[in-house]
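Participant: Take this structure, written in structure tokens, and hold onto it; I'll ask about it next.
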Amino acid sequence: MSKLSRYLPLLILICWFISAPAADARQLVEDDIETIMNNLFQGEELSDEELQLLTDSYMDLILSPVNINRAGETELLTLPGITPGVARNIVRHRNRNGPYRHISDLLEINGIEEEFLVRNHLFITTGSRQERFREHYLTRSYWAEGARTEHVSRVQSVMETQEGYQKPEEEGGFLGNPLQIYQRTRFTGRRLSLNMNSSKLPGEEPLSPISSHHQSWHAALRNTGSIQTAIAGDFHVQFGRGLLLNTAGQFGKNPQTSSMLNRQDRGILPATASRSGATFRGLGFTAGNRVQLSLFHSSRNRTATIHDDGSASFPVSFRAFRTQNELSRKGSLNEKSFGARVRFSLPGGYLGFSSLHTEYDLPITSGNRPDQIYNFSGFSQTGYSTDFLFNVAGLLIFGESAITDNGGSGYIAGISASAGPQTDLTLSVRSFSPDFRAIHGNPFSELSGAPGNERGFFGGIRFRPENRITLTAFADHFTFPAARFRNTRPTSGFEYRFVADISMNRNLHLQLQFRQKQREQELEFTNHLGRAERRMSSENRRSMRLQAEFRPQPTLRFRTRIEQVDSRSADNIKEQGLLLFQDLQIHITRTLRIDGRVTLFDTDGYNARVFQFENDFLYRMTNTMLQNRGQRIYAMFTASLSSSVTAWARYSITTYDDQILIGSGNQTIAGNRRSDLSFQVRVVL
């Protein structure tokens with residue numbers, strides 16, 4: 001049993017004691033959270049782990065909302081979809097008319113409609129009537145303000161037997177049972193956050209009845225006078241535009257990119273995902289107001305492959321420990337990190353300077369392929385960056401530049417502006433030299449993860465010709481100056497996306513989306529003389545989507561989608577994919593809701609795969625990838641058993657018409673069907 005697990009009963013008791021008087025704690029509206037997450041994640045090709053990181057990032061904003069009576073224009077821009085012009089109007093209205101009494105007062109501002117409040121009402125607050133001063137620091141009421149204690153238990157399993165459970169352990173079979181178990185206990189308030197969670201993945205063997213391989217904990221203070229944040233335990237760090245340091249997740253390119261480009265610099269944040277291998281573990285704090293100082297130190301064991309010569313591969317995140325071989329790599333590499341940041345608040349914005357030093361107890365090898373020669377190698381890396389964000393006459397200007405001690409450099413910069421009351425524009429450029437590898441960086445880019453070997457230009461526009469129509473489009477052109485995976489020479493590509501949202505009336509909403517992406521790809525072939533040659537070609541993927549959402553009654557919602565995908569590989573192999581689904585959500589009673597969907601899919605192969613975001617339990621997001629031909633059905637029941645207890649049950653089944661095996665390796669299922677059954681219970685005190 002781990003030392004952390006021994007204190008679980010004490011943590012629960014402390015959380016109950018502190019939160020007992022807080023009967024008016026801020027409650028989360030699950031339907032609203034689902035709508036917000038659905039709009040943000042729709043159509044993104046993100047893994048479950050990436051979705052978890054992004055979900056945690058937004059949940060932290062919900063638990064510590066922006067106070068519209070104190071926030072400046074820069075802080076208001078952290079809200080999803082807000083523009084510089086709207087942020088400026090919020091501050092001007094407050095200065096002229098006094099503080100907002102209710103968030104609905106924002107409807108008096110030009111550029112804000114009910115849609116804005118629907119998307120952001122969980123992220124904003126008007127604050128309390130009175131602010132408590134330092135003499136309250138030692139009183140229970142001070143720390144219990146806005147308090148809530150929550151426990152979540154979840155269990156999930158694949159119903160069919162996978163190959164890994166049939167093989168003996170000595171032959172590489174799974175060590176544990178197929179259950180996936182998740183437990184989280186968290187106390188949150190305006191000034192205090194305590195969290196402990198644990199998860200057992202399918203195939204893993206639990207360490208004890210209450211302990212597993214994946215655990216996370218933190219104790220954090222925030223908004224306590226000059227101390228903005230003080231954390232012990234697991235935490236994320238997001239400085240500047242994320243070029244040097246960003247472990248909190250990053251959205252890919254989507255219709256909200258114009259606002260996501262400047263939604264950064266959230267500082268040191270508590271981490272709540274039990275499998276966040278990219279998080280830090282140690283101590284961190286941010287103090288100051290006009291001049292803010294952030295410092296953190298982290299030391300944790302990471303999972304890596306150790307080579308015969310004593311070197312190690314770069315550590316991986318989100319690793320499962322299901323077999324003896326996987327378990328042997330657990331905690332095989334120690335990583336220490338030291339970071340610092342100073343941020344100066346200036347008229348109209350801020351200027352920041354950051355540094356990060358990371359070192360390992362074993363040397364990291366970069367690999368021998370042409371695309372690996374610029375990867376990080378050695379024992380340590382030190383990087384420095386400077387970033388800025390200014391709002392000048394309604395024009396938002398932002399950027400960051402960074403260097404690492406191996407001589408690599410990179411920068412990202414952009415502008416965002418409102419060109420009239422109906423139009424918002426965003427332009428951004430980025431350039432990361434091939435030898436630039438900020439190992440904890442994750443900025444906006446074509447390639448996710450540590451930035452390097454990329455140049456790009458992004459342009460986005462959001463246009464509202466009338467209240468019921470919103471048109472969003474972006475274009476992104478990128479090049480890779482040096483070799484990348486499966487390529488030995490420079491390559492380039494582009495991506496375009498256009499989205500039209502049309503509200504026909506209060507009950508019917510239509511969305512049309514077009515997307516095209518193309519990348520150059522190097523091919524190897526044999527010429528007429530029998531010699532191997534390499535030539536450059538392009539792979540192309542194009543999709544068209546039409547979706548309709550109809551609410552004939554407040555308790556009933558229908559959602560229909562049809563999507564067509566056309567793909568052409570670099571060697572000119574053409575594939576097509578089709579997705580059609582009918583979605584239903586119905587509130588049987590005030591305490592019982594049913595979500596269901598029937599999906600038909602037909603694709604020629606992986607290159608024409610289709611994606612769909614699915615309704616799932618609170619705090620869990622599912623983005624399902626479908627290929628080949630078949631059907632998928634899921635149903636989810638949400639029941640409010642009392643004011644404090646909510647329960648969920650979900651069943652999904654995918655049937656393939658043209659397969660006799662599903663999956664690969666130890667996860668292979670003999671047959672053409674895969675089904676999942678899961679349950680979750682949430683208790684709020």
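Participant: For q values of 0.10, 0.14, 0.23 Å⁻¹, compute log₁₀ I(q)/I(0) with the Debye formula on a Cα-only model of region 347-464, without solvent.
Facilitator: Treating every Cα as an identical point scatterer, log10 I(q)/I(0) equals -0.39, -0.67, -1.30.
Participant: Relative to the compact-globule scaling 2.2 N^0.38 Å, provide the ratio for the alpha-carbon radius of gyration of region 262-366. Let's see the in-between values first.
Facilitator: Details: Rg = 17.3 Å, N = 105, 2.2 N^0.38 = 12.9 Å.
Ratio of Cα Rg to 2.2 N^0.38 Å: 1.34.
Participant: Still on this structure: Sorted from largest down, give the three principal axis spans of the alpha carbons of region 428-583, whole angstrom values.
Facilitator: Taking max minus min along each principal axis of the Cα atoms, region 428-583 gives 67, 38, 28 Å.
Participant: Shape call for region 531-685 from the C-alpha gyration tensor, a ≥ b ≥ c root eigenvalues: rounded (a/c under 1.5), prolate (a/b greater than b/c) or oblate?
Facilitator: prolate
Participant: Label GLU114 and LEU600 with points 7 Å out from Cα along Cα→Cβ: what is the distance between them in nm?
Facilitator: Here the answer is 3.5 nm between the modelled labels.
Participant: Shifting gears a bit: Under 5 Å between amide H atoms, partner at least 5 residues away or on a different chain: which partners does LEU245 have, H built in plane at 1.01 Å?
Facilitator: Residues meeting the amide H criterion: PHE239, ASN442.
Participant: Further question: For the chain, rounded, prolate or oblate, judged on the Cα gyration tensor with a ≥ b ≥ c (square roots of eigenvalues), a/c < 1.5 rounded, else prolate if a/b > b/c?
Facilitator: Rounded shape, in that the Cα axes give a/c under 1.5.
Participant: Which value results when the Cα radius of gyration for region 487-553 is divided by 2.2 N^0.38 Å?
Facilitator: 1.95
Participant: Right, next: By counting other Cβ atoms within 10 Å of each Cβ, how are LEU529, LEU245 ranked from fewest to most?
Facilitator: LEU529, LEU245
Participant: Working only with C-alpha atoms, what are the Rg and Dmax values of region 599-685, expressed in angstrom?
Facilitator: Rg then Dmax for region 599-685, in Å: 15.9, 50.
Participant: Still on this model: Given a Förster distance of 35 Å, report the FRET efficiency between ALA393 and PHE679 from their Cβ-Cβ distance, rounded to the nearest 0.05.
Facilitator: 0.05
Participant: From the backbone phi of region 113-123, what are the Karplus-calculated ³J(HN,Hα) couplings (6.51 cos²θ - 1.76 cosθ + 1.60, θ = phi - 60°) in whole Hz, Gly and Pro given as x?
Facilitator: 10, 4, 4, 5, 5, 4, 6, 10, 5, 7, 9
Participant: Determine, for the chain, the count of lysine pairs separated by eight or more sequence positions (or lying on different chains) whose alpha-carbon distance falls under 30 Å.
Facilitator: Within the chain, the lysine pair count is 10.
Participant: I've got another one for you. For a Förster distance of 35 Å, can you work out the FRET efficiency between the beta-carbons of GLU170 and VAL316, rounded to the nearest 0.05?
Facilitator: After rounding, the FRET efficiency stands at 0.90.
Participant: Could you check the spin-label model distance between HIS528 and ARG506? Points 7 Å from the Cα along Cα→Cβ, value in nm.
Facilitator: It is 7.3 nm.
Participant: Sorted from largest down, give the three principal axis spans of the alpha carbons of region 548-620, whole angstrom values.
Facilitator: 55, 27, 14 Å, listed from the longest principal axis down.
Participant: Using the basic label-point model (7 angstrom from Cα toward the beta carbon), what is the ARG551 to SER380 distance in nanometres?
Facilitator: Result for the modelled spin labels: 5.6 nm.
Participant: Mind listing the long-range amide H neighbours of HIS214? Cut-off is under 5 Å, sequence gap 5 or more, other chains count too, H placed in the peptide plane at 1.01 Å from N.
Facilitator: SER199
Participant: Please list the non-local residues whose amide H lies under 5 Å from the amide H of SER492, H modeled 1.01 Å from N, same-chain partners needing a gap of 5 or more.
Facilitator: Here the answer is PHE480, GLU520, since their amide H atoms fall under 5 Å of that of SER492.
Participant: Ignoring everything except DSSP H segments at least 4 long, calculate the 222 nm mean residue ellipticity for the chain; use -39,500 (n - 2.57) per segment, divide by total residues, nearest 500.
Facilitator: Numbers: 10 runs with 82 residues, N = 685.
-3000 deg cm²/dmol, from helical runs alone.
Participant: For region 436-518, what does the convex hull of the Cα positions come to per residue, in cubic angstrom?
Facilitator: About 120 Å³ per residue, rounded to a whole number.
Participant: Residue by residue through region 446-451, which ³J(HN,Hα) values in whole Hz follow from phi under the Karplus form 6.51 cos²θ - 1.76 cosθ + 1.60 (θ = phi - 60°), with glycine and proline marked x?
Facilitator: The phi angles translate into 6, 9, 6, x, 4, x Hz.
Participant: Computed FRET efficiency, Cβ-Cβ of ARG101 and GLU205, R0 60 Å: what is it to the nearest 0.05?
Facilitator: The value I calculate is 0.60.
Participant: Cα convex hull of region 268-320: mean projected area in nm², to one decimal?
Facilitator: Average of the hull's projected areas for region 268-320 equals 5.1 nm².
Just so you know, all these numbers are worked out from the coordinates, no wet-lab data involved. Source: prediction; values computed, not measured. Virtual Cβ from ideal backbone geometry, glycine too; neighbours counted across all protein chains shown.
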